[in-house]
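The structure appears right after this line, and notes come after that.
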Amino acid sequence: MNAFELKEVKKSYPGFDLHLDLSLPQGCILGLIGENGAGKSTTIKLLLGMTHADEGSIAVLDRAVDESFPPVREEIGVVLDEPAYPDCLTAKQVGGIMAGIFRNWDAAEYEALLQKLDIPTDKKFKDFSRGMKMKLSIAVALAHKARLLVLDEPTSGLDPVVRDEVVELFSEFTRDETHSVLISSHIVSDLEKICDYVAFLHKGQLLLCKEKDKLLEEYGLVLCTKEQLESLPVTAVAGTQESLFGVTALIRREEAPEDLAVIPVGLEDLFVTMVKGVEK
C-alpha cells in the first residue's frame, strides 16, 4: 500500500506548470528536494486538498482527495513553513484547543514533546522565535496519532542540535510500519540522514524519484578536463559544472571508464549538478 499517490497530475498557474507522477510506499520517508519555485509547496497543497489538480488523480491513505477526503485529514500531521497560531495563545492553550479538534489527541504525548523540545508552556505564541514556532507545530503534528506526516521545511530556524533531535523524532515515527513521512527541506543534510526515497523537482518537473541508497550508489562525481568529458559516453553523464580548474561531472558509475576516479556524491551535489545538466 502507498501512503499517497499522485497520478498524471497537472496543475497550472500563470508562468508555472506542475506535471507529477509520485508515490510514497507506506512505512517510508520521502524527501522532496527542489529550488524555490520548483513546485514543492504546490505538491504539498495538492496532497492536503488546499488546492485542486487541473488533471490527474490524487489519493492519500487510500482515499481520493475529493469531497470524501476531510475525514482522513485527522490522520495527517502537518507542519507548514509558516506556523500560524493565534498570537495570544500559549503552548498549553494550543494543546487544549487541539484536544477539542482531534479525536485521537494524546495530551500526555503532547506534554512530553513540549518538554523534549524545550517549548515553554506559558509563553505567548507572539513572543516565540521562529525556531520555537516550528517546534510547537511539530509537537502538535506528532500528538494526534497521525499515520502520515506532511512536513514543509520543518527544521527551518532550528539550531543544529535541535534539528538533530527533531530529525530523530521523524525517524522514530516510521518505526511503526503504518506510518509514513513526506518532508520538504532546503537542508539536504537532514534529508540524507533519514530518507528512504528522494524526489528531485525542478521547474514543475520530476527529475527522478528513487531509493536514496540506490541513487547514491548509482551516481558519482569525476573531476576531469573538457577533453576527458567529451570522450565519455553521452548516456553516462547526468550533469556537469565547469570552473577555471576543469569540469566536475555527475556520471553513472557503471558507465565510467576504469581509468577515471569516481568519488562519492551527496544528495545536494547530485541535485545541483543534475539541475545544471538539465538547464544546459
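The values are calculated or read from the model by the stated rules, or taken from the named source; none is laboratory data. Here the structure is a predicted model, which is why all the values come from computation and not from measurement. Here the Cβ positions follow ideal geometry from the backbone for every residue, glycine too, while neighbour counts run over all protein chains shown.
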(message) On the basis of being within 17 Å of the chain's Cα centre (by Cα), at pLDDT 95 or above and assigned by TED's automatic domain parsing to the domain that holds residue 169, does residue 97 make the cut?
(response) no
(request) Identify the residue in the stretch 73-127 that is under 26 Å from residue 147 (Cβ atoms) and among the hydroxyl-bearing types (Ser, Thr, Tyr) and, among all such residues, is surrounded by the fewest Cβ atoms within 10 Å (Cβ to Cβ). (result) 85
(request) Could you tell me which residue of the stretch 187-197 is surrounded by the fewest Cβ atoms within 10 Å (Cβ to Cβ), considering only residues that are over 9 Å from the mean Cα position of the chain (by Cα) and not aliphatic (A, V, I, L, M)? (result) 189
(request) Pick out the one residue from 238, 261 that is under 14 Å from residue 218 (Cα atoms), free of Cβ contacts under 8 Å to residues at least 40 places away in the same chain and of a type in the set (A, V, I, L, M, F, W, C). (result) 238
(request) Identify all residues within the stretch 105-156 that are among the aromatic types (Phe, Trp, Tyr) and outside any loop (DSSP other than H, G, I, E, B); write none if there are none. (result) 110, 125
(message) Given the criteria surrounded by fewer than 18 Cβ atoms within 10 Å (Cβ to Cβ), of a type in the set (Gly, Ala, Ser) and either touching a residue at least 40 places away in the same chain (Cβ under 8 Å) or not assigned by TED's automatic domain parsing to the domain that holds residue 171 (or both), does residue 204 qualify?
(response) no
(message) Given the options 178, 273, 240, 235, name the one that is in contact with a Gly (Cβ under 8 Å, 6 or more places away or on another chain) and in a helix (DSSP H, G or I).
(response) 273
(message) Can you tell me how many residues within the stretch 216-259 are surrounded by 12 or more Cβ atoms within 10 Å (Cβ to Cβ), of a type in the set (A, V, I, L, M, F, W, C) and over 29 Å from residue 197 (Cα atoms)?
(response) 2
(message) Within the stretch 130-178, take every residue that is modelled with pLDDT under 90 and among the small types (Gly, Ala, Ser) and give me the one that is nearest to residue 194 (Cα to Cα).
(response) 156
(request) Could you identify the single residue in 117, 113, 89, 136 that is free of Cβ contacts under 8 Å to residues at least 60 places away in the same chain, under 20 Å from the mean Cα position of the chain (by Cα) and farther than 21 Å from residue 32 by Cα? (result) 136
